[in-house]
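J.: For reference, the structure I am asking about is given below.
The values are calculated or read from the model by the stated rules, or taken from the named source; none is laboratory data. None of the values given here were measured: they were computed from a predicted structure. Here the Cβ is made from the backbone with ideal geometry for all residues, glycine too, and neighbour counts use every protein chain on show.
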Amino acid sequence: MLRTVGKIRDGDEVLIIFDQGITPVFVDIATEIAEEDGIVRLGFAAITQNGDGIPKADVVVRIRMKVDVAWALCRSLKALQE
């Protein structure tokens, strides 16, 4: 069941935000940070350790976004520091 959790303005449009209850993931490292043709690619991994004691990094999420969305994310992260 989708829950409505708010609204956000995108230019002249007002978008209704729905939450599908997606499980949050924890990440330890960034595995990919690149930009090509106005699209930013981000990849993140969680570090785990098998029974044999060898650590490994499992990619848990890959995100693709337009550059302007990436800059908005960057500004939001910087605001958290202030």
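J.: Looking only at the stretch 23-36, how many residues end up being out of contact with any strand residue (DSSP E or B) (no Cβ under 7 Å at 6 or more places or on another chain) and modelled with pLDDT of 90 or more? Break it down stepwise before answering.
T.: Step one: filter the stretch 23-36 for residues out of contact with any strand residue (DSSP E or B) (no Cβ under 7 Å at 6 or more places or on another chain), giving 23-24, 35-36.
Checking the rest, the ones that are also modelled with pLDDT of 90 or more come to 35-36.
Of the residues in the stretch 23-36, 2 are out of contact with any strand residue (DSSP E or B) (no Cβ under 7 Å at 6 or more places or on another chain) and modelled with pLDDT of 90 or more.
J.: Would you confirm, using the coordinates I've provided, whether residue 40 is of a type in the set (A, V, I, L, M) and in contact with a helix residue (DSSP H, G or I) (Cβ under 7 Å, 6 or more places away or on another chain)? Outline the logic, then answer.
T.: Numbers: of a type in the set (A, V, I, L, M): yes; in contact with a helix residue (DSSP H, G or I) (Cβ under 7 Å, 6 or more places away or on another chain): yes.
Answer is yes for this residue.
J.: Also: Would you check if there is a residue in the stretch 1-11 being under 18 Å from the mean Cα position of the chain (by Cα) and over 20 Å from residue 72 (Cβ atoms)?
T.: No - not one qualifying residue is present in the stretch 1-11.
J.: Follow-up. From the set of residues in the stretch 1-22 that are touching a strand residue (DSSP E or B) at 6+ places or on another chain (Cβ under 9 Å) and not in a strand (DSSP E or B), which is farthest from residue 55 (Cα to Cα)? Even if it seems obvious, please write down each step before you answer.
T.: In the first step, residues of the stretch 1-22 are kept if they are touching a strand residue (DSSP E or B) at 6+ places or on another chain (Cβ under 9 Å); the result is 2-9, 14-21.
Pick out the ones that are also not in a strand (DSSP E or B) and you get 2, 20-21.
On the way: 2: 37, 20: 32, 21: 30 Å.
Ranking the qualifying residues of the stretch 1-22, first place goes to 2.
J.: Exactly one of (1) touching a Lys or Arg at 6+ places or on another chain (Cβ under 6 Å); (2) in a loop (DSSP other than H, G, I, E, B) is unmet by residue 51. Its number?
T.: Only one criterion is unmet by residue 51, namely (1).
Listed here are the residues, each with its yes/no results for (1) assigned to a loop (DSSP other than H, G, I, E, B); (2) of a type in the set (D, E, K, R); (3) loosely packed, with under 11 Cβ neighbours inside 10 Å.
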| position | (1), (2), (3) |
| --- | --- |
| 24 | yes, no, yes |
| 31 | no, no, no |
| 41 | no, yes, no |
| 45 | no, no, no |
| 65 | no, no, no |
| 69 | no, no, no |
| 75 | no, yes, yes |
| 78 | no, yes, yes |
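J.: Hey, among 29, 33, which residue is in contact with a Leu (Cβ under 8 Å, 6 or more places away or on another chain) and either at negative phi or charged (D, E, K, R) (or both)? Break it down into steps so the answer makes sense when it comes.
T.: On the way: 29 fails: in contact with a Leu (Cβ under 8 Å, 6 or more places away or on another chain).
So the residue among 29, 33 that is in contact with a Leu (Cβ under 8 Å, 6 or more places away or on another chain) and either at negative phi or charged (D, E, K, R) (or both) is 33.
J.: Here's another thing I want to ask about it. For the stretch 1-11, state whether one or more residues are in contact with a Lys or Arg (Cβ under 8 Å, 6 or more places away or on another chain) and exposed (fewer than 10 other Cβ atoms within 10 Å of the Cβ). Spell out how you get there, then give the answer.
T.: Pass one, the stretch 1-11, residues in contact with a Lys or Arg (Cβ under 8 Å, 6 or more places away or on another chain): none.
Checking the stretch 1-11: not a single residue is in contact with a Lys or Arg (Cβ under 8 Å, 6 or more places away or on another chain) and exposed (fewer than 10 other Cβ atoms within 10 Å of the Cβ).
J.: Separate question: Got a sec? Which of 39, 17 is at pLDDT 95 or above and either of a type outside the set (A, V, I, L, M) or at negative phi (or both)?
T.: Criteria check complete, one pass: 39.
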